[in-house]
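Encoded as structure tokens, the structure appears first; notes follow it.
The values are calculated or read from the model by the stated rules, or taken from the named source; none is laboratory data. What you see is a predicted model; the values in this text were computed from it and never measured. In this analysis, Cβ positions are derived from the backbone assuming ideal geometry, glycine residues included, and neighbour counts consider all displayed protein chains.
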Amino acid sequence: MTVAAAMPLTLVAAAAEPASAAGGYTVTATIGVGSDPDGVAVNPAAGTVYVTNRQSDTVSVIDAATNAVTATIAVGSRPSPSPSASNPGALGR
């Protein structure tokens, strides 16, 4: 599967910072995903990160250990995460 226009993914914490981040966050990698990345879901047990790409109509699947996109899944028009995006099964339209 291919993505027509890739954009770098930037993660932003929406909740209060944990004590371990008191000194601030550091960018450790820039990962090319689809166009208009909109939401992120993480499955820590599987070591997988899912990114919804609204303009590409895809979800990028990222291996958290290697920071590599392992799959790009076509999901239909303008996917977005649900309020419970920490559950990868919750990603939808």
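Of note:
- Filtered residue count, the range 33-48, keeping only those that are in contact with a Pro (Cβ under 9 Å, 6 or more places away or on another chain) and either of a type in the set (S, T, N, Q) or within 18 Å of residue 80 (Cα to Cα) (or both): 9
- Residue list for the range 74-93, filter: surrounded by 16 or more Cβ atoms within 10 Å (Cβ to Cβ) and either modelled with pLDDT of 85 or more or polar (S, T, N, Q) (or both): 75
- Top-ranked residue in the range 51-80 [being among the polar types (S, T, N, Q) and in a loop (DSSP other than H, G, I, E, B); ranked as nearest to residue 31 (Cα to Cα)]: 67
- When the residues of the range 22-42 are filtered to those that are over 11 Å from the mean Cα position of the chain (by Cα) and within 20 Å of residue 65 (Cα to Cα), the one that is modelled with the lowest pLDDT is 25.
- Members of the range 35-50 found to be of a type in the set (Gly, Ala, Ser) and assigned to a loop (DSSP other than H, G, I, E, B), listed by number: 35, 45, 46, 47
- Taking the range 38-50 as the range and being within 19 Å of residue 28 (Cα to Cα) and either free of Cβ contacts under 8 Å to residues at least 40 places away in the same chain or buried (at least 19 other Cβ atoms within 10 Å of the Cβ) (or both) as the test, the residues that pass are 40, 41, 44, 47, 49, 50.
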